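Have a look at the structure below before the remarks.
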Amino acid sequence: MFQIDTMSRTPVYEQIIEQVESFVLKGILKIGDQVPSVRGLSIELSINPNTIQKAYSELDRRGIIYSVPGRGCYVTENALDVLSANKAGKLGELTDFIGELALAGVPKEDVLKCVDEAYDSKNSKG
């Protein structure tokens, strides 16, 4: 399920965070689902358990997962809401990027076509 790119400039713990968030958004991990144990994921990926614990601690801080001592970590009830709000918060960045595309002469129709394709591909997958 998890894949780590050891050649990436993105730290391993951030790759784990991004993948857990992506799994939640895609419905692979649902509310109440248990995420892989630190020890199990450490063995599966051949990664130091402290790296995985760092990722899980950050996910807990963000409100995506919560820990039950002695039982593991689980996806929170509001994980989707937290992630949706986080993604919606990036609309300003998107607006800035679209402004750059406009300045570069990219036709509005091409940008809208990209948006339509992104939404259409999402709807056909889920």
Residue that is nearest to the chain's Cα centre (by Cα), among those in segment 34-48 that are closer than 18 Å to Arg71 by Cα and surrounded by 14 or more Cβ atoms within 10 Å (Cβ to Cβ): Val35
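Restricting attention to segment 52-82, report how many residues are assigned to a strand (DSSP E or B) and touching a residue at least 12 places away in the same chain (Cβ under 8 Å). Talk me through it step by step, then tell me what you get.
Within segment 52-82, the first condition is being assigned to a strand (DSSP E or B), and the residues that meet it are 65-68, 72-75.
Okay, now just the ones that are also touching a residue at least 12 places away in the same chain (Cβ under 8 Å), so 65, 72-75.
Result for segment 52-82: 5.
Specify which of the listed residues (Thr6, Thr10) is outside any helix (DSSP H, G or I) and at pLDDT below 95. Break it down into steps so the answer makes sense when it comes.
Working: Thr10 fails: at pLDDT below 95.
The match here is Thr6.
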Residue count, segment 83-94 (criterion: open to solvent by 90 Å² or more (accessible area, probe 1.4 Å) and part of a helix (DSSP H, G or I)): 3
Residue under evaluation Ile31, criteria (1) touching a residue at least 40 places away in the same chain (Cβ under 8 Å); (2) of a type outside the set (Gly, Ala, Ser); (3) farther than 14 Å from Val82 by Cα; (4) not in a helix (DSSP H, G or I), criterion not met: (3)
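The values are calculated or read from the model by the stated rules, or taken from the named source; none is laboratory data. Please read these numbers as outputs of a predicted model, since none were measured by experiment. Every residue, glycine as well, gets a Cβ built from its backbone with ideal geometry; the counts of neighbours run over all protein chains shown. All accessible areas refer to the heavy atoms of the entire protein, side chains included, with ligands and DNA or RNA removed. Shrake-Rupley method; radii C 1.70, N 1.55, O 1.52, S 1.80 Å.
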